[in-house]
Amino acid sequence: MALTGIQIYKLLPQTNCKECGFPTCLAFAMKLAAKQVELSACPYVSEESKKQLAESSAPPIRLVTLKGVDVEAKAGNEICLYRHEKTFYHKPGLFIRVRASDPDLAKKVAAADAYKVNYVGIELTIDGFAVVADSDLATAIQTIRSISKRPLILIGDPAALQAGLAACRGETPLLYAADASNADPMAELAKSHPAALAVKAESLEALADLTQRIQAKGVQDMVLDLDGNTLGEWLVRSTQVRRLALKNFRPLGYPVLAFPCDAKDEAIAAAQAIAKYAGFIVLNEFKPELLYPLLVLRENIYTDPQKPIQVQPGLYEINQPKPDSPVLVTTNFSITYFSVANEVEGSGLPAWLVVTDAEGMSVLTAWAAGKFDAERIAKAVKTFNVASKVTRKRLVIPGHVAVLSGELEAELPDWEIRVGPREAVDLPAFMKQALN
Amino acid sequence: MPLEIPKDKWPGSVRTVTLGAAAAEGGTRTKTVTIGGQTAMPYLHFEASPPHPPAVAVEIKSRPPEDWSPLLLEAWGELVNDPAAWAKKAEEIGADLIVLALTLADRPEEAVNVVQSVLRATGVPLIVWGPGQAEKDNELLVPVAEAAKGERLVLGICEDKNYRTIVAAAMANGHLVQARTPMDVNLSKQLNILISDMGMPKDRIIMDPTTGALGYGIEYGYSVMERLRLAALQGDAMTQSPMIVTPGFEAWKTKEAKVGSGVPEAWGDWKERSVNWETITAITLLESGADIVVLRYPESVARVKQAIQELMTA
């Protein structure tokens, strides 16, 4: 039975030492009850309390960390079925499948490893490689390690994996996979390295039996392969695992591994895996035209619905603006930014867009809260050095904050302040008609 | 060990709605489409399989689209000049429904003609959108509703500003309506209430909760749809309408899909990326409860239909 924050508090030292990172033992207890921290963060909890708290303090889905060389990929610690109930915490790692026998291994790894794509000011990358041991694994790992530091999933039989593990000392790869036939040697490998272990079975019942058997051998970090053949089958299993785990059913309280690389439509299967609870996702090959939309979907699904999504404040260029293109101003609430950027982009008209730090609020809300005033706008224009980019100093503010224009003229004396439309959708017409 | 899978038992269900009318019901459709009826969250077959698959609609326009991506124009070719032939082709490649979007340039008699020619060319049910300006919507949709009386068209897009005339025209002529609100559970409920209060039977309302494309606010649409569907299953009658969303329109508005040059190299191949953008937007929304997805690109239609088939079997 899960304990409440108050019940947990009674078992803590109650000294408010703050060493766990929280201001009071009660605050820490509340976080424990919400399964957002681990008990091990408290250095002074008694053995007796530890035992009592073990059940309630463990997150329903174990946090599994794969480690490369100084680079990690984490999955687990999730606490809900629908993102609006709280949020999804650990974005599923995207791993690119490569083959040890591939003569182009180094080239392929280099291309995927170097991949970076910018989305609303965030740099997105892949998380690691899944290496199929279809020839000497140790050699392949050495090749990969000469290029990439990212975590690995190693796919092969126990003998091949053993040879491969010798080449990644100090790392925590994920071994794929233990099934009913090889659970003992695989568990042995995972335990001695130590590594995380993927577990696979034809039904959830068999899977639960197997994880318990492996846990009894001393392996804690497991990942589940659900082995669903169709989108519908996989969705059902993934949902069942998440439901059971959230009800504290420990044998299935592990992150899920998905292989859209083997599905009929990789993009669709990967999208489902991202939305529906996968912790690690293996893709068939490195393809930017697939990776980019998947990385964006992952950002979207894993944004905290209770915090407004913000874009990086800064000066954004739309349609290759020139020094005489107009300068538009908006806030850094993502939907506000997107509305404005989309309309202007769609119109084909070049413009500079100053995104001010309004703490993620929309124009009217930010204005009402004092987060989008003349001072802040002026500060943004100066901080982002807008004057150096343009010859015509013409600033368009949203129609909803027309009232700011006077103050803004005082703050930015050498700028012409123009009041734009209230709604982003009217921007293209405004730019065509009013800004020439 | 035997596992007891936790199952949700819901008191409510999604309303069953049929689009299109065959000759026996006073229309001319050779196929009708029934959606809704779910008693569980999307595709959770272990609780209850959805009684009807979601439908894929293809959006066409009454006049050649001016602002569509060159990829879309290339895919449909000359067909964009002939709405009837365009609709026929869309039906051939698997569209369960046609969305015909009228434009500001259409005169009422032209709108009636194009609707009738599309109806003659196809056997699937038809959704007709006005151009989205209240006055013009009324001017075009009223004669269309009268001319296609009994066809069980879906007329749209009803928003809080313009729903009255469209709803009245749909009620008088045996059609359905699409009720759109901007990504908010309460606004969806409210518009449903306003439309029902006019006397529109509830099984002739389809909710359009609006969505953003992938990368442009899809997470809002996604969660609003999940919340609407949960509310429907909990028994809230004003959220029990099936949901229509427009991933085609949203995805093809994005720079990622629309533009092929002057974009980062990290975005990859233009065409594949664009189709992925539309397809992934659509599939994500299906996972959160969409009953109709409106698409634009032929290949996306095939991919989404294949996915629906897989989602319907478990």
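The values are calculated or read from the model by the stated rules, or taken from the named source; none is laboratory data. For clarity, every value in this text was computed on a predicted model and none was experimentally measured. For neighbour counting, all protein chains shown are included, and Cβ atoms are generated from backbone atoms with ideal geometry for every residue, glycine included.
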For this session: Would you be able to say whether some residue in region A:175-192 is within 19 Å of A:Arg62 (Cβ to Cβ), part of a loop (DSSP other than H, G, I, E, B) and assigned by TED's automatic domain parsing to the domain that holds A:Val256?
Result: no
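For every residue, the table says whether it meets (1) at the interface with another protein chain (Cβ under 8 Å from one of its Cβ atoms); (2) at pLDDT 95 or above.
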| site | (1), (2) |
| --- | --- |
| B:Gly215 | yes, no |
| B:Ile218 | yes, no |
| B:Tyr222 | yes, yes |
| B:Ala232 | no, yes |
| B:Pro242 | no, yes |
| B:Glu278 | no, yes |
| B:Thr284 | yes, yes |
| B:Glu287 | yes, yes |
| B:Glu310 | yes, yes |
Sole miss for B:Pro42 among (1) within 14 Å of chain A (Cβ to nearest Cβ); (2) surrounded by fewer than 19 Cβ atoms within 10 Å (Cβ to Cβ); (3) touching a residue at least 60 places away in the same chain (Cβ under 8 Å) is condition (2)
Here the residues within region A:186-203 that are surrounded by fewer than 22 Cβ atoms within 10 Å (Cβ to Cβ) and in contact with a Leu (Cβ under 9 Å, 6 or more places away or on another chain) are A:Lys191, A:Ser192, A:His193, A:Lys200, A:Ala201, A:Ser203
Residue set B:Glu265, B:Glu250; condition crowded, with 18+ Cβ neighbours inside 10 Å, more than 23 Å from A:Glu85 (Cα to Cα), more than 7 Å from chain A (Cβ to nearest Cβ) and among the charged types (D, E, K, R); output residue B:Glu250
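Report whether or not A:Thr356 is among the polar types (S, T, N, Q), over 30 Å from A:Glu78 (Cβ atoms), more than 14 Å from every other protein chain (Cβ to nearest Cβ) and crowded, with 18+ Cβ neighbours inside 10 Å.
The answer is yes for A:Thr356.
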If we ask which residues in region A:131-151 are buried (at least 24 other Cβ atoms within 10 Å of the Cβ) and either outside the structural domain of A:Lys91 (by TED's automatic domain parsing) or touching a Lys or Arg at 6+ places or on another chain (Cβ under 9 Å) (or both), their number turns out to be 4
A:Ile274 - would you say it is in contact with a helix residue (DSSP H, G or I) (Cβ under 6 Å, 6 or more places away or on another chain), part of a strand (DSSP E or B) and more than 7 Å from chain B (Cβ to nearest Cβ)? no
Among the residues that make up region A:323-332, is at least one of them out of contact with any Ser or Thr (no Cβ under 6 Å at 6 or more places or on another chain), closer than 30 Å to A:Phe95 by Cα and not in a helix (DSSP H, G or I)?
no
Filtering region B:121-164 down to residues that are closer than 23 Å to B:Gln240 by Cα and surrounded by fewer than 19 Cβ atoms within 10 Å (Cβ to Cβ) yields B:Asp160, B:Lys161, B:Arg164
#### Entry: Condition check for A:Ala167: assigned to a helix (DSSP H, G or I) and in the same structural domain as A:Asn248 (by TED's automatic domain parsing)
no
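Take the conditions at pLDDT below 90 and more than 28 Å from the chain's Cα centre (by Cα) and apply them to A:Ser347. Does it pass? Quick ask: steps written out before the conclusion?
On the way: at pLDDT below 90: yes; more than 28 Å from the chain's Cα centre (by Cα): yes.
So A:Ser347 passes the test.
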(1) within 27 Å of the chain's Cα centre (by Cα); (2) more than 16 Å from A:Trp415 (Cβ to Cβ) all hold for A:Trp367 apart from (1)
In the set A:Gln320, A:Gln312, the lone residue that is part of a loop (DSSP other than H, G, I, E, B), closer than 30 Å to A:Lys432 by Cβ and facing chain B (nearest Cβ under 8 Å) is A:Gln320
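Please verify whether region A:416-425 includes one or more residues that are farther than 16 Å from A:Gly314 by Cα and in a helix (DSSP H, G or I).
yes
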So A:Val219, is it outside any loop (DSSP other than H, G, I, E, B) and either among the aliphatic types (A, V, I, L, M) or out of contact with any strand residue (DSSP E or B) (no Cβ under 6 Å at 6 or more places or on another chain) (or both)
no
Scanning region A:216-227 for residues that are within 11 Å of A:Ala187 (Cβ to Cβ) and surrounded by 18 or more Cβ atoms within 10 Å (Cβ to Cβ), the one farthest from the other protein chains (Cβ to nearest Cβ) turns out to be A:Val219
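Okay, residues lined up against (1) among the polar types (S, T, N, Q); (2) not in a loop (DSSP other than H, G, I, E, B):
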| residue | (1), (2) |
| --- | --- |
| A:Leu81 | no, no |
| A:Pro103 | no, no |
| A:Lys107 | no, yes |
| A:Ile126 | no, no |
| A:Thr139 | yes, yes |
